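One structure is given below, encoded as structure tokens.
The values are calculated or read from the model by the stated rules, or taken from the named source; none is laboratory data. Source: prediction; values computed, not measured. So basically every Cβ, Gly included, is an ideal-geometry build from the backbone, and we count neighbours across all protein chains shown.
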Amino acid sequence: MEYVEKFMRSKHVNEAINAIVTFNDRVYEEAEEAYRKGAEPVPIGIKDIIYTKGLRTTMGSKLFKDFIPNSDAIIVSRLKEAGFVIAGKTNTHEFASGATTTSSIFGPTKNPIDTTRIAGGSSGGSAAAVAAGLLPIAVGTDTAGSCRIPASLCGVYGIKPTYGLISLKGVYPLAPSFDTVGFLAEDPSWIIKAITSVVDVRSLKRMQRYFIGRKVDVEKILFGVPSWMRASEPVEREFYNFISKLNYVNVDMPITEKALFKYFTIIRLAEATQIHLSNKDRWSEYFPDVRRMLEKGLEFKAVEYIEALRARVDVYKEFKKALKKVDLLITPTTMVEAPKIDDVLGKEDGEVRTLLTHNLILASYLGVAAISVPKLMVNGLPVGVQLIGDRFSDLYIVEVAKELKTLV
């Protein structure tokens, strides 16, 4: 009961950061039930777009402010079976459609490192709860970096698993071609425990097979810095200072540079707009940045969408070619450290979105695994280092992240 008792003692910390927006009043009783069944109960936060039976799930939106699901999402059920106890629902950018967690009916989530700054998003509440020491692990979702962005800005681990690895049943969709459930944690071991608790046996075996013939010792791994990587000057300087301790080479990816950013945007916006068309008469109630992105999605033609889907084949071929030369791709997770909240409000879908998502969307576009590792400090603020592996490399990249943790 150690972690549950720590959570109960630390709940007041949430007042300063607005990470958890709905607490589970039965957390201690449910922990005792898990303990009686032989499990060591671990409190976990659940992003507020994932259904939890009897516990308010709002999507951060006026449209769902009083919605209480009558069943758990599959991932919630499986976590409960493994001994995790739902501590509460964590703040999200409305409908998970933003990189800042500022457009929410509960107000912005604040970064525990500096409460004048954003936590990142859209899984900002999950990252902030972990970074503040409220929880050892929390669930997020990642469609265009929504686990990795706040992990980077808050200084925690954040994984976007292989697409389709974890069930999305009971998770409110954003862009179904890219949506994944992910985790944010204080230590990589928690991510391993969570992933192995929620995936099926076949997927677990595929992840375990990925280790065959591969090295986990970071001194023997060859990392690749892709040509499409971008970062601010301070972040880039710290990134190269860090990877100078590793074996790395530059990797040219011209097809990706030409196609990725154009085609990812088409799919992401078009699919989100289709999801919300049934609510079009209520778009005026959405946050302005979320509404603008939905309106942008109406501009794309069907032929553009199909072309964007087909282009993934060529981009993936280039990615696979790169992984024949190196073991993993490596980049700064975000181009910048956490911006000030006041500098972001009203501009969430502007330049800040590009600065936070640019290095992340390849993994989402291709459905491969990626993790943000807290390794850099820029102007006294954390910035993550991202590792990108192939599909089903999830456990492998977490083990590499554990190795990087020990690298000074």
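Summary of values
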read-out	value
Count of region 354-392 residues which are out of contact with any strand residue (DSSP E or B) (no Cβ under 8 Å at 6 or more places or on another chain), under 24 Å from Ser177 (Cα atoms) and not aromatic (Phe, Trp, Tyr)	10
Strands (runs of 3 or more DSSP E) (entirely within region 81-170) containing at least 3 residues that are in contact (Cβ under 8 Å) with a residue 12 or more places away in the chain and crowded, with 24+ Cβ neighbours inside 10 Å	84-90, 137-141, 157-160
Residue in region 363-373 that is aliphatic (A, V, I, L, M), surrounded by 20 or more Cβ atoms within 10 Å (Cβ to Cβ) and assigned to a helix (DSSP H, G or I) present	yes
First in region 297-316 and farther than 13 Å from Ala270 by Cα and in contact (Cβ under 8 Å) with a residue 24 or more places away in the chain, second anywhere and part of a helix (DSSP H, G or I) and β-branched (Val, Ile, Thr), Cβ under 7 Å, 6 or more apart	Asp314/Ile255; Val315/Ile255; Val315/Thr256
Complete set of residues in region 316-353 that are touching a strand residue (DSSP E or B) at 6+ places or on another chain (Cβ under 6 Å) and of a type in the set (Lys, Arg)	Lys340
3 or more residues closer than 22 Å to Arg117 by Cα: qualifying helices (runs of 4 or more DSSP H) within region 1-52	14-17
Test result for Phe223, crowded, with 16+ Cβ neighbours inside 10 Å, more than 21 Å from the chain's Cα centre (by Cα) and modelled with pLDDT of 95 or more	yes
Extreme residue, nearest to Met8 (Cα to Cα), among residues of region 53-80 that are outside any loop (DSSP other than H, G, I, E, B) and not hydrophobic (A, V, I, L, M, F, W, C)	Lys80
Pair list, Cβ under 7 Å, 6 or more apart: region 64-77 residue touching a residue at least 24 places away in the same chain (Cβ under 8 Å), other residue surrounded by fewer than 19 Cβ atoms within 10 Å (Cβ to Cβ) and of a type outside the set (Val, Ile, Thr)	Pro69/Lys53; Ser71/Lys53; Asp72/Lys53; Ala73/Lys169; Ile74/Ser167; Ile74/Lys169; Ile75/Ser167
Neighbours by Cβ (under 9 Å, 6+ apart or cross-chain): first from region 29-40, at pLDDT 90 or above; second surrounded by fewer than 11 Cβ atoms within 10 Å (Cβ to Cβ) and in a helix (DSSP H, G or I)	Glu40/Glu2
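For (1) surrounded by 12 or more Cβ atoms within 10 Å (Cβ to Cβ); (2) under 26 Å from the mean Cα position of the chain (by Cα); (3) closer than 21 Å to Val368 by Cβ; (4) hydrophobic (A, V, I, L, M, F, W, C), each residue gets a yes or a no:
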position: Arg282; (1), (2), (3), (4): yes, no, no, no
position: Phe287; (1), (2), (3), (4): yes, yes, no, yes
position: Gly297; (1), (2), (3), (4): yes, yes, no, no
position: Lys301; (1), (2), (3), (4): no, no, no, no
position: Tyr305; (1), (2), (3), (4): yes, yes, no, no
position: Ala308; (1), (2), (3), (4): yes, yes, yes, yes
position: Asp314; (1), (2), (3), (4): yes, yes, yes, no
position: Lys317; (1), (2), (3), (4): no, yes, yes, no
position: Leu323; (1), (2), (3), (4): yes, yes, yes, yes
